[in-house]
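Have a look at the structure below, then the notes.
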């Protein structure tokens, strides 16, 4: 199944009219799960590449940007994040970042597709190094149903680390889902969700923020960051807080964090809160 | 020469093992100048696309990011930028941003290839709208030779808006060129240069900063920003100052700027000064 002569693997993004590609040396693995087709490619410069139903999910080289930004800003914004739920995130990279925070007592990852995690364990073992942490729980279940059934007011942070809002992940971007989330959160709890590219999905972001507010979240905030393997190379996450505004974060905690990161630091966090002019206009901030 | 059925135009970056593409509807124009082949393509979502010797230079939709970041941070860092030299920049987009600053009395753009400007006038007229400003001067000449001959201590800001450091632009990335620049600058004067992608060109950045310091610049600083049409979608510019450190910028001026921007604002400027963890480590900051 593997070739030796490098060739180029492209993903064409129909919505944005742009494409991203990597030079690959061959396909290492492929599995058709109950939900989707998962492929693993080897690249010349980006390590391993995971593709789900033709959509590039992550590479060994650049996933640190996304995983750090999905975990650390929300955890340093919450005053005392003890119980964390990750919806999606089957590659386990977000879970690993979450468990770097010592105050987290329990983190459950709920991905519908066990095969994603099995492939990650095999081809991205560094992302799975905290899977056996006693605070970690891995469930393979429908995240929408899971959030509906979580006991009310028991969660501090919800991280929605999903694929694009089409197919299995579509139901993670609407008001009904956010109502489940807000119910599950304690007061002051925070939801963070990957929110696509500021340059080509500003409409989606506005809709997402609108649905979050309509569901009852008190405040929303979108943080952009670079992510080469996703459309335009510029991505974002959106935070929504229950009960109070999203003013500031635990700067002293971020400054003196006890773990290593490659992108995130206290200044990067502060910088990510800044809205470029066109976003400020779009959101009416 | 034009087609109607959309197809995909890809640029494969050999150095980084990654690729960027756009959906195009046809080639609108092509000219082989004395120096390089310039192509103009029409895209479905990104307006016009300019390609030089196979390298994507800009699109109508995303060039504002690059042009704003090449002009405004340096001009709001200099205390009183009156005389500006742009080396390269033949599409005139940087010149347009520079001339938004009222204190600029003279801005000369020195691009070796007149055909780039002729193509920009035709296909990116919005970028050329300040070409007839009485403060603007357009020269079509070798930027390296030009900088050698500038009268000593007469320039406030030099903007090196060039192609990659291969081919015609190679001589714009070495110590000899920086020596010419520092000679031309007044004390406190600032050079800014596009410095490629933080993710795949950190070695080039380090070399560039080293050459700048060796040439006599007192301080250097690299500012990252998103730029979808360049490798990884994440780009940067590097500032170097003659005679004094690069501490701070004219925040009040940036806050009350009299012109519109789409990416840049005072907070974006502050955020761009932040170094992600891996850059901090690479530069030993």
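Label separation (residue B:244 vs residue B:53): 3.9 nm, computed from points 7 Å beyond Cα along the C-beta direction. Between copies, the label points of residue A:253, set 7 Å from Cα on the Cα→Cβ line, lie 4.0 nm apart, reported in increasing order to one decimal in nanometres.
Calculated FRET efficiency, residue B:7 to residue B:79, Cβ-Cβ distance, R0 = 60 Å: about 0.75 to the nearest 0.05. With respect to chain A, whose longest principal axis is taken over its alpha-carbon atoms, helix A:202-215 is tilted by about 40°.
Largest mean-square fluctuation among B:189, B:153, B:167, in a Gaussian network model of chain B whose springs join Cα atoms under 10 Å apart, belongs to B:167. Each Cα pair under 8 Å and six or more residues apart adds its separation to the average, and for chain B the resulting relative contact order is 16 percent.
Could you tell me the distance between the Cα centroids of region B:139-216 and region A:1-65, to the nearest Å? A separation of 38 Å, based on Cα centres.
Per residue of peptide B:266-278, the mean number of Cβ atoms on other chains within 10 Å of the residue Cβ is 6. Kirkwood analysis of the Cα pair distances in chain B returns a hydrodynamic radius of 19.1 Å. Measuring r between the beta carbons of residue A:114 and residue A:252 and using R0 = 41 Å, the FRET efficiency lands at 0.55. Among residues of chain A, the one whose Cβ lies closest to the rotation axis carrying chain A onto chain B, together with that distance rounded to whole Å, is A:233, 1. Computed over the Cα atoms of region B:1-56, pair by distinct pair, the Kirkwood hydrodynamic radius stands at 11.8 angstrom. For the protein assembly as shown, the convex hull drawn through the C-alpha positions has a volume of 146 cubic angstrom per residue.
When B:94, A:222, A:213, B:7 are sorted by how many other C-beta atoms sit within 10 angstrom of their C-beta, beginning with the fewest, the order is B:7, A:213, A:222, B:94. Counting Cβ atoms of other protein chains within 10 Å of each Cβ in A:20-33 and taking the mean gives 2. Among B:146, B:123, B:178, the largest mean-square fluctuation in a Gaussian network model of chain B, built with springs joining Cα atoms closer than 10 Å, belongs to B:146.
Mean-square fluctuations from a GNM of chain B, with a 10 angstrom spring cutoff on Cα atoms, peak among B:267, B:42, B:156 at B:267. Once each part is reduced to its C-alpha centroid, what is the distance from region B:239-285 to region A:70-99 in angstrom? Region B:239-285 and region A:70-99 have Cα centres separated by 30 Å. Among the residues of B:232-243, the average count of other protein chain beta-carbon atoms within 10 Å of the residue beta-carbon is 3.
When DSSP assigns beta bridges and you keep just the ones with both residues in chain B, what percent turn out antiparallel, to the nearest 5? Antiparallel bridges make up about 65 percent of those DSSP assigns within chain B. P(r) tail, region A:190-285: Cα-Cα pairs separated by more than 21 Å, 35% of all pairs. Inter-label distance, residue B:32 to residue B:145: 2.3 nm, where each label sits 7 Å from its Cα along the C-beta direction.
The other copies place their residue A:45 label points at 2.3 nm from this one, listed shortest first, where each point is 7 Å from Cα along Cα→Cβ. Estimated purely from DSSP H runs of n ≥ 4, each contributing -39500 (n - 2.57), the mean residue ellipticity at 222 nm for chain A is -8000 deg cm²/dmol once divided by its residues.
Sorted from closest to farthest, the other copies place their residue B:121 label points 6.6 nm away, with each point set 7 Å from Cα along Cα→Cβ.
DSSP bridge analysis restricted to the protein assembly as shown gives an antiparallel fraction near 65%, rounded to the nearest 5. Working from Cα pairs under 8 Å separated by at least six residues, relative contact order for region B:20-175 is 20 percent. Among A:241, B:96, a tally of other beta-carbon atoms within 10 Å of each Cβ gives an order, fewest to most, of B:96, A:241.
Computed from the coordinates by the stated procedures, all read-outs in this text should not be read as laboratory data. Keep in mind that this is a model prediction, so the values were computed, not measured. All Cβ positions, glycine included, derive from the backbone under ideal geometry; neighbour counts span all protein chains shown.
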